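Heads up, the thing below is written out as structure tokens.
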Amino acid sequence: MGSGDSKLHFRKAVIQLTSSTQAVEASDEVFWDQFWAQPSMSVQDIFALVPPAEIRALREESPSNLATLCYKAVEKLGRAADRGCPSERERVSVLNCTRLLTRVLPFVFEDADWRGFMWAGLPAARKQCCHDNDNNNDDDDDPDGARPLAESLLLAIADLLFCPDFTVQGRKRGGQEVVGDADAAVDSCELIWEAGVGFSQSPPLNSSHDRNRAELLKLLLTCFSEVLYLVPAEHRVNPWVLFFCSAANRHALPLFTSLLNVVCAYQPSGWGFPYDHLLMSDQRQLLVEQALQVLMVALEQRPPRAAAEDETDLGGPENQFVNFLSRIHREEDLSFILKGVSRLLNNPLVQTYLPNSTKKITFHQELLVLFWKLCDFNKKFLFFVLKSSDVLDVLVPILFFLNEARADPSGAGLVHMGVFILLLLSGERNFGVRLNKPFTLRVPMDVPVFSGTHADLLLVIFHRMMTCGHRRLQPLFDCLLTIIVNVSPYLKSLSMVSANKLLHLLEVFSGPWFLFSAPHNHQLVFFLLEVFNNIIQYQFDGNSNLVYSLIRGRSLFQRLANLQADAAFINKALLHKKKKKKKSADSSHDNSAGTESCPKSRQEELDLAGALEAAPDPHRTFQWTLSPFLSEPRELKSFSAEEKEELSYS
């Protein structure tokens, strides 16, 4: 049968189902087989042949048919998982059922009346199973037919992800391939997808297996997405993730290991030839993206805590994925994860002489979330990162992504994640010490050319984020300056560029209008003063550039010391700023003849930018003398030999 005939028969079956006013019996196998027995039905074909309007009409006008369709598809997957998909025809049916459920389930989730459908056993199946149970006089176990559809679907997906010759290589015993019952024949711990954590054998690459895995992971993500259709008041623990990551899933450990190893072992460079990604398709990249997203969602879910000791039933099952991640401790495993994540994070920074000759990945935001989860759940991994020189291989791409997303409102989530990671790392001494390593890489970033260390790069990027970033980043100013404060005692030698950037920030944040415009703005000045004190107190000898910049800007500190804080002065400063804003808006209106003036929101967005433009250039020449500093020398703290050794850089 040709591809066109298959699509025609499938479309006729969809029309017959959606236009029928009577319920189609579940026992009509000939009718239901039309939806998954057709060959050559890609996911694009199914999405095109089953339009959203018809699914919603089926849900409203003939709900019993939609319920039977879901039930029969899940039943088909469960039977195929039990038998191990021995034939090619059954594998095609599994893929068609997977794609059909991926299409239909979002429309089940979006209706509040249907959300409990997948978690309720079908009455007919429950009644029949209870009848069989009474005949067998077995009241100890729950009837298998009463299991909710959601649990049956999740268990079937887990089994199919380790189905020999469908998603994994077939196992052989005594030179013969193992066939038969899946539970008896397959040990999924021996069928992990990729070598890495807890598994040393690297299976041969099979693009067909990668495609099938990706299809099943898409369906799994669709199941996890039910929470996207809930209003904030209805948010609760995701039961799909809670069950899938519990001990009820016998494949939890090999699946977690497979997902993690596939992500960390991925090589975007392929064969290493220029433009090889344009000549051949890479099925592994799609699998890596799906595996990374499933891993993120699974690690995000934690069971609810019991309200009291006697209410243990509220605690829920333990998240096995979080448990497995927290128990990784071997150095070779930690090194494998760190090198894999840093390699993928640095992929967008790779430069070649031939334009666009290498593949660029686009899932760096998911990688940052995974790195955050690794550091949060596994303290051994965090300490391993900090003691390794590879921590700088993570720092540079994070700064690159922060610089790229600073002015993009849609990149606020990426910026928050990157800042939180750096805030976590900056709390450890080793991170501050590593920043003194010279920065010699050629990274495509629009930053001033400088010769210095990784600390200089961090200060330059943070300065651009606070002066040229989107206004939504203003709540992160405290975090950015806290990071600088944390590492400041270990910065041995700042360049003139970064020293001027720090002084420029102090000049902006200490301005009267900015200082008094919000109750907590003075904290920014405190942070910067603490940075200067730490560097002068602990690393005075090597920071002549910063000391020189401070002496040149002595008038700034004198103005700050003599700053008035009475109500009249504050009101005058704020009123002057409002008048200046109004004058600027009027000037903009006059210059744009025939156009409307800037909206208020846009004007508010430019408040900080306007102040920075009004502030003096940090590179300008100051009129200064050394007499005040020579007449009132500052007493510096003296250190013991042990303290000097602690602050020294090895």
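Here are the numbers for the structure shown:
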item: Leading residue by the ranking (modelled with the lowest pLDDT) among those in the range 101-115 that are part of a helix (DSSP H, G or I) and charged (D, E, K, R); result: 113
item: Tally, over the range 328-342, of residues that are of a type in the set (D, E, K, R) and crowded, with 19+ Cβ neighbours inside 10 Å; result: 1
item: Scan of the range 538-555 for residues that are of a type in the set (Phe, Trp, Tyr) and part of a helix (DSSP H, G or I), ordered by number; result: 538, 548
item: Residue 551, sole failed condition from (1) modelled with pLDDT under 90; (2) of a type in the set (A, V, I, L, M, F, W, C); (3) more than 39 Å from the chain's Cα centre (by Cα); result: (1)
item: Residue count for the range 508-537, restricted to those that are outside any loop (DSSP other than H, G, I, E, B), surrounded by fewer than 18 Cβ atoms within 10 Å (Cβ to Cβ) and either at pLDDT below 90 or within 34 Å of the chain's Cα centre (by Cα) (or both); result: 4
item: The range 235-270, subset at pLDDT below 90 and over 16 Å from residue 301 (Cα atoms), residue least open to solvent (accessible area, probe 1.4 Å); result: 268
item: The range 334-349 residues that are within 11 Å of residue 394 (Cβ to Cβ), paired with ones that are open to solvent by 20 Å² or more (accessible area, probe 1.4 Å) and not hydroxyl-bearing (Ser, Thr, Tyr) (beta carbon under 7 Å, 6 or more apart); result: 338/384; 338/390; 339/390; 342/390; 342/393; 345/364; 346/393
item: Qualifying positions in the range 425-434 - assigned to a helix (DSSP H, G or I) and surrounded by fewer than 18 Cβ atoms within 10 Å (Cβ to Cβ); result: 429, 430
item: Odd one out for residue 324 among (1) modelled with pLDDT under 90; (2) under 29 Å from residue 224 (Cα atoms); result: (1)
item: Identity of the residue in the range 353-379, of a type in the set (S, T, N, Q) and either open to solvent by 70 Å² or more (accessible area, probe 1.4 Å) or under 16 Å from the mean Cα position of the chain (by Cα) (or both), that ends up farthest from residue 249 (Cα to Cα); result: 356
item: Pair list, Cβ < 6 Å and 6+ apart or interchain, from the range 205-224 residues that are open to solvent by 10 Å² or more (accessible area, probe 1.4 Å) to residues that are in a helix (DSSP H, G or I) and among the hydroxyl-bearing types (Ser, Thr, Tyr); result: 215/98; 218/102; 222/102
item: Residues being within 15 Å of the chain's Cα centre (by Cα) and either in contact (Cβ under 8 Å) with a residue 12 or more places away in the chain or open to solvent by less than 50 Å² (accessible area, probe 1.4 Å) (or both) - total across the range 406-421; result: 11
item: Among (1) of a type in the set (A, V, I, L, M); (2) closer than 16 Å to residue 168 by Cβ; (3) over 21 Å from the mean Cα position of the chain (by Cα), the one test that residue 248 misses; result: (2)
item: Tabulated pairs, the range 475-490, first more than 14 Å from residue 535 (Cβ to Cβ), second among the hydroxyl-bearing types (Ser, Thr, Tyr) and open to solvent by less than 20 Å² (accessible area, probe 1.4 Å), C-beta under 9 angstrom, 6+ apart or interchain; result: 482/426; 483/426
item: Scope the range 435-467; condition part of a helix (DSSP H, G or I) and open to solvent by 40 Å² or more (accessible area, probe 1.4 Å); matching residues; result: 464
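The values are calculated or read from the model by the stated rules, or taken from the named source; none is laboratory data. Small disclaimer: the values here were computed from a predicted structure and weren't measured. Cβ sites come from the backbone with ideal geometry, for glycine too, and all protein chains shown count toward neighbours. Just the protein is used for accessible areas: all its heavy atoms, side chains included, with ligands, DNA and RNA removed. Shrake-Rupley method; radii C 1.70, N 1.55, O 1.52, S 1.80 Å.
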